[in-house]
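Each value in this text was obtained by applying a stated rule to the coordinates, not by laboratory testing. From a predicted model like this one, the values you see are computed outputs, not experimental measurements. Neighbour counts are summed over all protein chains in view; Cβ atoms, including those assigned to glycine, are modelled from backbone coordinates with ideal geometry.
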Amino acid sequence: MILQEYDEDLHIRNEKEISFQDGYEKECRDAEDKVLAEKQRADDEKRCADDERKRADNEKKRADNINSLNKVLMLKLKGKSNEEIADSLHLSPAAVHQMLDNI
């Protein structure tokens, strides 16, 4: 059996190299995790903003519908016909008829 002489310097260099490689790989994984977390946060923020915009759009449509119905009712109380109301509000006669049927 041949005994090899223990090279302490080589052993230390190898351990440092392994330690460096392990640290480098860990830092890469940590950086990737941070990037993915930031992407998820940005996606969540965008989704919330989109949801808020949709809610605002729906509220505006609802307010516009209430405003239109209010105008139709005011003109109806003044004795205007459905056709006159439709002409003055730039609505179709069918839309005026449906508004009045829904109340």
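Can you confirm whether residue 87 is more than 38 Å from the chain's Cα centre (by Cα) and assigned to a helix (DSSP H, G or I)? Yes. For region 79-103, a residue qualifies if it is more than 17 Å from residue 67 (Cα to Cα) and small (Gly, Ala, Ser), and the qualifying residues are 79, 81, 94.
Would you check which residues across region 52-103 are without any contact (Cβ under 8 Å) to a residue 12 or more places away in the chain, hydrophobic (A, V, I, L, M, F, W, C) and surrounded by 14 or more Cβ atoms within 10 Å (Cβ to Cβ) and list them? Passing the criteria: 86, 95.
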